[in-house]
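Take a look at the structure below.
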Ligand SMILES: Nc1ncnc2c1ncn2[C@@H]1O[C@H](COP(=O)(O)OP(=O)(O)OP(=O)(O)O)[C@@H](O)[C@H]1O
Ligand SMILES: O=P(O)(O)OC[C@H]1O[C@H](OP(=O)(O)OP(=O)(O)O)[C@H](O)[C@@H]1O
């Protein structure tokens, strides 16, 4: 196949093929001007304007492929990297700010365990077997040490039951006494009559690279482009006019990343100021600027940037 023949010369970039991270990854690729056409049902797509091939893989497999060096670079969740046990085999290049969630121990609100120690010896359903195993073995050991059963026949072992999805149903169906699964808004958990009693880890999507990528310069190029897209999403550009006598106060509100750009106006008493400001508290920034006498405050969204 023509496509496979081309692969050895290209950097391989793994992208989640479906699920929660898929569409945000596609937006990121578009913002970074990584152009490709994916044929129907095909999990490999050659990038038209860079020597890259995109490989569409399940999010759960990406850390393994990158860690083993089969793929140079990829996007997946930090939870997936931890579950694959790949933390030491990959470089986490960049947090991407989406796919934010927590991996939590959850129990029924009614008559459920009050704390994780109360689950020792009981059944836990999860699709995060590796992380849960490590977590509950420590809890088992802690409880055994506290009640003097460590190393004896009486030492209790928490049982892990693997389920591949819809984990929240496990308690209601009588399969488990608690679960370990992801929580973002908490809606799924609440709908299932569960609440969380412990957060094992917090996660978001990350750009990861193999320790020995075959195309290190290209890894840097992609990382630089993606950083630019992320920064552009985080900042907006603000511009306003202010009397020179209030410039100090106004500049303190919009210090920019290095310093604000100050341009003289025809009226010598006035200056125009522009700077990058964080998007998430821009309304407050505008309120503050108005209160120190700024006028004609304009906001511009950034399409892309390098900072
Ligand atoms: N509710 C959520 N909110 C935010 N991020 C999430 C959420 N659920 C999952 N994620 C992130 O997305 C990653 C992939 O989750 P997803 O449920 O899409 O897995 P999948 O198994 O690849 O897809 P599918 O469930 O469709 O089989 C998770 O590992 C986690 O990092
Ligand atoms: O706190 P919330 O915002 O409700 O999100 C949490 C849910 O999201 C994920 O599942 P997803 O919807 O991706 O489906 P899945 O069970 O098939 O993985 C996760 O496994 C939870 O079930």
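Every number in this text was worked out from the coordinates using simple rules, so none of it is lab data. These numbers come from a predicted model, not from an experiment. Here the Cβ positions follow ideal geometry from the backbone for every residue, glycine too, while neighbour counts run over all protein chains shown.
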Output ordering of 49-55, 293-299, 66-72 (per-residue mean of other Cβ within 10 Å, highest first) is 66-72, 49-55, 293-299
Checked the chain against the a/c 1.5 cut and the a/b vs b/c comparison, axes a ≥ b ≥ c from its Cα gyration tensor; verdict oblate
Between residue 246 and residue 280, Cβ-based FRET efficiency (R0 25 Å, step 0.05) works out to 0.50
At 37 °C in a medium of viscosity 0.692 mPa s, the range 26-120 has a Stokes-Einstein diffusion coefficient, with Rh taken as the Kirkwood radius over alpha carbon pairs, in µm² per second, of 204 µm²/s
Rounded to the nearest Å, the spacing of the alpha-carbon centers of the range 169-194 and the range 90-113 is 13 Å
For residue 185 and residue 211, extending 7 Å from Cα along the Cα-Cβ vector and measuring point to point gives, in nm, a value of 4.1 nm
Taking the convex hull of the alpha-carbon atoms of the range 102-203 and averaging its shadow over every direction gives an area in square nanometres of 6.3 nm²
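State the extension gain, in nm to one decimal, for the chain segment bounded by residue 300 and residue 26, taking 0.36 nm per residue of separation less the distance between their alpha-carbons.
Using 0.36 nm per residue and subtracting the Cα-Cα distance, I get 96.3 nm.
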Simple SL model, points at 7 angstrom along Cα→Cβ for residue 147 and residue 169; separation in nm is 3.3 nm
Heads up, the range 162-247 by the C-alpha gyration tensor (a ≥ b ≥ c square roots of eigenvalues; a/c under 1.5 rounded, else a/b over b/c prolate, else oblate) looks oblate
Once residue 114 and residue 199 are pulled to full extension, the length gained, defined as 0.36 nm per residue separation minus their Cα-Cα distance, is 29.2 nm
To the nearest 0.05, the calculated FRET efficiency linking residue 35 and residue 231 through their beta-carbon distance, R0 being 22 Å, is 0.55
Under the helix-only model (-39500 (n - 2.57) for each DSSP H run of 4 or more, divided by the residues of the chain), the mean residue ellipticity at 222 nm, to 500 deg cm²/dmol, is -9000 deg cm²/dmol
Note on the range 255-307: alpha-carbon gyration tensor, axes a ≥ b ≥ c; rule is a/c under 1.5 for rounded, else prolate if a/b larger than b/c, else oblate; result oblate
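Order 10-23, 144-157 from most to least packed using the mean count of other Cβ atoms within 10 Å.
Ranked from most to least packed, the peptides come out as 10-23, 144-157.
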Ranked by GNM mean-square fluctuation in the chain (Cα springs under 10 Å), the top entry among 246, 65, 98 is 246
